[in-house]
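Q: This is the structure I want to talk about, given as structure tokens.
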Amino acid sequence: MADKVSFTDFGTKRKVRKIKRKRQPSHNSSIYSQDESTPTSFDESSSTELNIDSDEFKFPFLEISVSQQTPSLRDSWCEMQVSLKNSGNGSAKSLTISFDNLESRGKTMVDELEIDSDIVLNFDVKTLSRESEITRMDVFYHTIEGDTFSIIRRDWFPNENEDEIIFQNEIPPGEEHKAKLYTRKEVMSDDFHIICSKCEARAPANFRICGKCGSRLQKRSDRAQNWGSNLKETTGIQDGRDVLMKKLRKLGELKDKGMLSDAEFTAAKSKLLK
């Protein structure tokens, strides 16, 4: 015999009571803001930016001097000499020199430049332009870990320079009033990596969980800052290596733009790397 089944029609819609969850104000500090998914500022207690031991990180730092030996004429080769010195605390790998509208022949690449060593490259360049125009020179080099640094210099070609220093600044001669046109644009402005203070593993800045120990590196951006698992203390701290690398890149840009004198540049670099 089948069980009895009764149905009751209440004739009204079911009412649903909404219960608001109480939220307690959070006193936990976070290295990530509530409305952003990218790192913002770091607490002084957990930041390595305020106390960076540069001996722990090895970075190359190239200083260059370019000399033009003979005048540059249209469709003819002129001699150029580039002096490179590594005044950093790490070896420079895969150095390359290139120009945007000059042909070159000769050695413009160096496999490695060790600490406190220098090298002179002699090669020829040629322009096909009739009128003098701004030429850009790029020098790229890398760290052992694969970080990339660049030096940008600009000057005019063709020209009548002979035994003169050229490519002295990122802003070409006579263009100082247009300095804003030659300002570099940062492709990435956020921190590249964070460090887990629990196991010291290094992870990209957008990681929420440490891949080594499983601890939380940052709070979830899709939840309120003081709700649920966001109450847990995070272990992510800023990577001192990235901080130092950014400072070195900025220092190089200021030098290339001619905004630092030789004495100021040397003092600032020594402070970072010594």
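The values are calculated or read from the model by the stated rules, or taken from the named source; none is laboratory data. Nothing here was measured: the structure is a model prediction, and the numbers come from that model. Positions of Cβ are generated from backbone atoms using ideal geometry, with glycine treated the same way; all protein chains shown enter the neighbour counts.
Q: Which of the following residues is at pLDDT 50 or above and under 20 Å from the mean Cα position of the chain (by Cα): LEU84, LEU73, LEU95? Spell out the reasoning first.
A: Values: LEU84 fails: under 20 Å from the mean Cα position of the chain (by Cα); LEU73 fails: under 20 Å from the mean Cα position of the chain (by Cα).
The match here is LEU95.
A quick yes/no check of all residues on (1) hydrophobic (A, V, I, L, M, F, W, C); (2) loosely packed, with under 13 Cβ neighbours inside 10 Å; (3) at pLDDT 90 or above; (4) not in a strand (DSSP E or B):
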{"position": "ILE165", "(1), (2), (3), (4)": "yes, yes, yes, no"}
{"position": "ALA179", "(1), (2), (3), (4)": "yes, no, no, yes"}
{"position": "VAL187", "(1), (2), (3), (4)": "yes, yes, no, yes"}
{"position": "ASP191", "(1), (2), (3), (4)": "no, no, no, yes"}
{"position": "ILE195", "(1), (2), (3), (4)": "yes, no, no, no"}
{"position": "PHE207", "(1), (2), (3), (4)": "yes, no, no, yes"}
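Q: Still on this structure, I have one more. Count, please, the residues in the stretch 86-137 that happen to be surrounded by fewer than 16 Cβ atoms within 10 Å (Cβ to Cβ) and among the basic types (Lys, Arg).
A: Total meeting the criteria: 3.
Q: Output the qualifying pairs, or none if there are none: Cβ atoms under 8 angstrom, residues six or more apart or on different chains, first residue in the stretch 157-170 and in contact (Cβ under 8 Å) with a residue 24 or more places away in the chain and more than 15 Å from GLU133 (Cα to Cα), second residue in a strand (DSSP E or B) and not polar (S, T, N, Q).
A: ILE165/VAL66; GLN168/VAL66; GLN168/ARG153; GLN168/ASP155; ASN169/ARG153; ASN169/ARG154
Q: Please find, within the stretch 134-158, the residue that is nearest to ILE115 (Cα to Cα) out of those that are assigned to a loop (DSSP other than H, G, I, E, B) and under 15 Å from the mean Cα position of the chain (by Cα). Full working, then the answer.
A: Quick first cut of the stretch 134-158, residues assigned to a loop (DSSP other than H, G, I, E, B) only: 143-147, 158.
Now narrow it down to the ones that are under 15 Å from the mean Cα position of the chain (by Cα): 143, 145-147.
Working: THR143: 12, GLU145: 16, GLY146: 17, ASP147: 16 Å.
Within the stretch 134-158, the match that is nearest to ILE115 (Cα to Cα) is THR143.
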